[in-house]
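*Asks:* The structure is given below, and queries will be raised subsequently.
The values are calculated or read from the model by the stated rules, or taken from the named source; none is laboratory data. Being a predicted model, the structure only gives us computed values, none of them experimental. When we count neighbours, we look across all protein chains shown, and the Cβ atoms used for this are built from the backbone with ideal geometry, even at glycine. The area values use the complete protein model at the heavy-atom level, side chains included, leaving out ligands, DNA and RNA. Shrake-Rupley method; radii C 1.70, N 1.55, O 1.52, S 1.80 Å.
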Amino acid sequence: MITTSREDLTGLIRQRVIGRLTDRESVTFPLIGTFTPILNREYVLDGGADGYELCPPSVSLAFRADPFLLDASRYVLFDFNAPRSIVPGELVRDTADFFDQDEKEVSESLYEELSAFLTQLFRGRRVALLGLGDFFVTEDSGRLLTLNFEPSKDLTDTLNHPFSVYSPIPIPAGVVPEGVEVLTSVPSEYRERFAIVDKGKNTPALSPDTDAPPPVVSKGPDTPSREEGQTGKFGTGQKEIAVQTEKEISHRPKKKRRYYLPYGLGLVAILAGALYLLFPKEAPTPIPEAVQKDTIPAKVYEEPVEAAPVALPKDTISPGETLVKLARRYYGPKEYWVYLYLHNKDLIRNPDNVPVGTVLEIPDLKVFDLKEDREAAVREANDWAYLIQTGKYTDYAAQRPDLPSNRQNTHQ
């Protein structure tokens, strides 16, 4: 069994939670809520005069708050002692088994993390939870409190990584695949907002273990803003009840806007031209020939500014982890493990047995210029696998034209 520090244990828990979400599994934290990855199917975007586009699927992260988190009485406590029941035993056992860790230490590390999260949240601070996203409370003019959840961009990018190799495809206006929805605007992300209610006044008591969700109402003009920094001071005078939970994807068409700026600029140009014609113009002073020859400025060359390199996501090989499993998690097709190897070949001696603890970068497949046809791309990946496993790989650019799959395409 591996001995790990408390900070590293928290990192392993975070890694396991993200791994389960990537595998499209829900993760529940008692007294906090449930995180669920939502697969949004492909759709056709009607761009009007710009034509139709077939847009790829995507994944959103939805959150359902536990009633315990929506009790207004919690938000006036500055010393909150979290119960031990806050720790999800199933997640603790899964993490301990997956990373070969002591179950008791994993449980203690997760308890401290969740306890600190609730303490800071109940004090009205913006706080993140295990890299899943930010939670914060806003207060409107009527002293109604709302709990907000914003998913982490890094996490949503990870969840959508299998679809990152696909781009919208233009299609004829009358040709729409069967069962695919046609939209007039791009769907928005899931947005989570939950009213914090006073359970002691006009509200039925809900036990922490109840499965009943808070009542849902549609978004209205008085909905509190989700902007950061609008957290109010939480006092005992706040007794109002507001129950409004929002989880919506907007499919409404965009409104037409009127633009007055071009008309204003045109009017200014006309007036300037009229003034130019009305007033007499002085003849230009001739420039001596010698001055013309000697004072022509040399062409100025500016040094190109290199863009800052984009940091690639990284993953650490854990017990039982393989390049094939990583390829499935990040790219979809298992055959794409070869691109993980090619990018990290200086760290990998044997692609079939990568040592535990090896930190690998997850490259963007765009650098390998994969074929647009999925089957053709998989066949090429299998050709690379043969060269790698037989020790015949030397150079990507030099050997690619000679791959069997590419030679077939050339003859055809």
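*Asks:* Which one of these is among the polar types (S, T, N, Q) and closer than 30 Å to Val180 by Cβ: Ser60, Ser85, Ser115, Ser5?
*Replies:* Numbers: Ser85 fails: closer than 30 Å to Val180 by Cβ; Ser115 fails: closer than 30 Å to Val180 by Cβ; Ser5 fails: closer than 30 Å to Val180 by Cβ.
Result: Ser60 is the single residue among Ser60, Ser85, Ser115, Ser5 that is among the polar types (S, T, N, Q) and closer than 30 Å to Val180 by Cβ.
*Asks:* Something else: State all residues of the range 64-109 that are touching a Gly at 6+ places or on another chain (Cβ under 8 Å) and either among the acidic types (Asp, Glu) or closer than 30 Å to Ile317 by Cβ (or both); if no residue qualifies, say none.
*Replies:* Step one: list which residues in the range 64-109 are touching a Gly at 6+ places or on another chain (Cβ under 8 Å), which gives 64-66, 69, 73, 75-76, 98, 107.
If the condition is that a residue be touching a Gly at 6+ places or on another chain (Cβ under 8 Å) and either among the acidic types (Asp, Glu) or closer than 30 Å to Ile317 by Cβ (or both), then Asp66, Phe98, Ser107 are the ones that fit.
*Asks:* Just wondering, is there one or more residues in the range 306-316 that are of a type in the set (A, V, I, L, M), surrounded by 10 or more Cβ atoms within 10 Å (Cβ to Cβ), within 25 Å of Val59 (Cα to Cα) and modelled with pLDDT under 90? Working first, answer last.
*Replies:* Residues of the range 306-316 of a type in the set (A, V, I, L, M): 307-308, 310-312.
If we keep only those that are surrounded by 10 or more Cβ atoms within 10 Å (Cβ to Cβ) too, we end up with 312.
Narrowing the set further to residues that are within 25 Å of Val59 (Cα to Cα) leaves 312.
Filter once more, keeping what is modelled with pLDDT under 90: 312.
Checked the range 306-316: at least one residue is of a type in the set (A, V, I, L, M), surrounded by 10 or more Cβ atoms within 10 Å (Cβ to Cβ), within 25 Å of Val59 (Cα to Cα) and modelled with pLDDT under 90.
Residue-wise test of (1) among the charged types (D, E, K, R); (2) assigned to a strand (DSSP E or B).
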position	(1), (2)
Asn81	no, no
Asp97	yes, no
Lys104	yes, no
Ser107	no, no
Tyr111	no, no
Leu114	no, no
Thr119	no, no
Phe135	no, yes
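*Asks:* Go through the range 1-26 and give me each residue that's within 17 Å of the chain's Cα centre (by Cα) and either part of a helix (DSSP H, G or I) or crowded, with 20+ Cβ neighbours inside 10 Å (or both).
*Replies:* Across the range 1-26, the qualifying residues are Arg14, Gln15, Val17, Ile18, Gly19, Arg20, Leu21, Thr22.
*Asks:* Could you list all residues from the range 176-187 that are open to solvent by 70 Å² or more (accessible area, probe 1.4 Å) and without any contact (Cβ under 8 Å) to a residue 12 or more places away in the chain?
*Replies:* Of everything in the range 176-187, just one residue is open to solvent by 70 Å² or more (accessible area, probe 1.4 Å) and without any contact (Cβ under 8 Å) to a residue 12 or more places away in the chain, namely Glu178.
*Asks:* Right, something else. Does Leu155 satisfy being of a type in the set (A, V, I, L, M, F, W, C), modelled with pLDDT of 85 or more, closer than 30 Å to Asp23 by Cα and in a loop (DSSP other than H, G, I, E, B)? Lay out the reasoning, then the answer.
*Replies:* Numbers: of a type in the set (A, V, I, L, M, F, W, C): yes; modelled with pLDDT of 85 or more: yes; closer than 30 Å to Asp23 by Cα: yes; in a loop (DSSP other than H, G, I, E, B): no.
Judged against the criteria, Leu155 is not a match.
*Asks:* Test of understanding: among Glu375, Glu380, Glu321, Glu335, which residue is outside any loop (DSSP other than H, G, I, E, B), within 22 Å of Arg24 (Cα to Cα) and among the acidic types (Asp, Glu)? Full working, then the answer.
*Replies:* Values: Glu375 fails: within 22 Å of Arg24 (Cα to Cα); Glu380 fails: within 22 Å of Arg24 (Cα to Cα); Glu321 fails: outside any loop (DSSP other than H, G, I, E, B).
Only one candidate qualifies: Glu335.
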